[in-house]
Every structure is written in structure tokens, then in C-alpha cells.
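J.: There's a structure below that I have some questions on.
Every number in this text was worked out from the coordinates using simple rules, so none of it is lab data. Quantities reported herein were computed from a predicted structural model and do not represent experimental measurements. Cβ coordinates were reconstructed from backbone atoms using ideal geometry, including for glycine residues, and neighbour counts include every protein chain displayed.
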Amino acid sequence: MRADATKNYSHILTVAREVITAQGADASLRDIARKADVGLGTLYRHFPTREALLETLLRSSLDELTQLADELKTSSAPDDALIAWSRAAVAFTHHYRGAVDLMAAAMADEASALHASCSLVRSAGAQLLLRAQAAGMARTDMDGADLLALIAALGWLNDQPSFASQADHLFNVIGSAILYAGLKPA
């Protein structure tokens with residue numbers, strides 16, 4: 001990639017991250033291009049679809065969640081690891097408002113640019129859940145898809161102004177329902 005193209009690419013990503021964090025995943029691509037001081041054609045040359053732009057933005061955060069799961073498997077008790085990772089996953093959904101809908105759709109569409117990253121995150125969460133289940137600490141009637149659905153639901157609730165103030169409380173309710181012993185006091 002030419003130096004100016006690389007510079008445009010990086011600048012578009014920086015601006016897109018700011019705009020999407022502020023406005024949500026449905027932010028106008030035209031607005032992103034304008035704020036990045038590039039033409040819409042330049043934005044589309046780098047990111048041919050909204051999903052391609054979002055996948056690029058979300059991939060690093062999703063990769064961090066996957067890496068966090070690996071770290072927690074070796075550094076924390078199974079129940080603590082599952083809850084810590086779940087909190088981080090819910091926090092991620094709060095950072096990128098509207099991403100929950102895109103990720104849910106991507107899980108069902110193997111051709112989606114987000115499918116692979118979302119699948120890795122689901123697998124990472126599932127491994128933590130399986131570890132807690134094997135230790136007798138978590139209910140056994142759920143799987144990684146259920147865990148990701150609960151995280152998505154908590155993320156969606158945070159996007160709703162009337163429920164946002166209850167986000168931490170609802171996380172604790174769900175976390176206590178997953179773990180046999182409930183959550184440990186903070």
C-alpha cells in the first residue's frame with residue numbers, strides 16, 4: 001500500500017472508532033468520511049462495506065477478549081475466570097453501541113466478515129464455561145452459545161436508556177444464575 005493510502009487507512013480507522021463509539025454502529029459512513037477529511041470513494045476503497053469497516057474496528061477488541069480468556073484459564077479459579085471474562089465481554093458491547101446486533105447476525109452467516117472473530121470469542125467463552133462446569137461451579141444446562149446470548153442481551157439492555165442504570169445489577173443477577181455458588185462479594 002502506498003504511504004498516503006496507508007495514512008488514509010489509519011486515519012479513517014481512528015475517526016471511525018471515535019464516531020462509532022459516540023454514535024453507535026449505525027453511524028453514517030458519509031459522516032465518517034467527512035470527519036476523516038476523505039471522500040466517500042476513498043472510504044469505500046479501503047472498506048467496501050459497513051461490515052468490513054466494523055470488522056476491522058472490532059477485530060482487535062474481539063482478539064483481546066479471546067486472549068483474555070486464555071490468560072484467565074491459567075491465572076484464575078474457574079468461576080472467577082468466567083465472571084471476569086463475561087464482564088469484559090459485556091463492557092466491550094457497551095463500548096461499541098449497536099455491535100451486538102451485527103455480531104448476532106454474523107454468528108449465523110459464515111460469509112460475514114465478522115463471523116470468524118465472533119466464533120473465536122464464543123469458543124473462548126465456551127471454554128471458560130466448560131472449565132467452570134467441570135469444576136462443579138457452573139450450571140451444566142447451558143453452552144457457549146447460551147453464554148454469548150446472555151452477554152449480548154446484557155449489552156442490548158445497556159443500549160436502552162431505561163435499562164442502562166440497571167446494567168451492573170442485571171449482570172450480577174445473570175452471573176449468580178450461571179454459577180452454583182453465586183457471585184463472590186466484591
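J.: Divide by every residue of the chain the summed helix terms, -39500 (n - 2.57) for each DSSP H run of at least 4, and state the resulting mean residue ellipticity at 222 nm, rounded to the nearest 500 deg cm²/dmol.
T.: Here the helix-only value at 222 nm equals -24500 deg cm²/dmol.
J.: Follow-up. Within 10 Å of each candidate Cβ there may be at most 14 other Cβ atoms; applying that plus a DSSP loop requirement, which trypsin sites (Lys or Arg not before Pro) in segment 118-186 survive? Let's see the in-between values first.
T.: Numbers: sites: ARG122, ARG131, ARG139; in loops: ARG139.
Taking segment 118-186 and a limit of 14 other Cβ atoms within 10 Å, the loop trypsin sites (Lys or Arg not before Pro) found are ARG139.
J.: Return the long-range amide H neighbours of ALA138 (sequence gap of 5 or more, or a different chain), with a cut-off of under 5 Å between placed amide H atoms.
T.: Amide H to amide H, under 5 Å and 5 or more residues apart or across chains, ALA138 pairs with GLN133, TYR180.
J.: Work out the FRET efficiency for ARG45 and ALA3 from their Cβ-Cβ distance, taking R0 = 22 Å, and round it to the nearest 0.05.
T.: With a Förster radius of 22 Å, E is 0.90.
J.: Okay, next question. Sketch the reach of a paramagnetic label on ASN172 as a point 7 Å from Cα along Cα-to-Cβ, and name the residues of segment 81-97 whose backbone nitrogen lies under 18 Å away.
T.: Those under the cut-off are 83-88, 90-91.
J.: I would also like to ask the following. What per residue convex hull volume, in Å³, comes out for segment 1-48 when only alpha-carbon positions are used?
T.: Per-residue hull volume (Cα only) is 62 Å³.
J.: OK, next. Could you give me the ³J(HN,Hα) list for segment 18-25, computed from phi with Karplus coefficients 6.51, -1.76, 1.60 and θ = phi - 60°, whole Hz, x at Gly and Pro?
T.: Whole-Hz 3J(HN,Hα) from phi for segment 18-25: 5, 5, 5, 4, 7, 10, x, 5.
J.: Follow-up. Between the helical axis of 50-75 and the dominant principal axis of the chain, each derived from Cα atoms, what acute angle in degrees is found, rounded to the nearest 10?
T.: The angle comes out at about 30 degrees.
J.: Of all the Cα-Cα pairs you can form in the chain, what percent are over 22 Å apart?
T.: Beyond 22 Å sits 50 percent of the P(r) for the chain.
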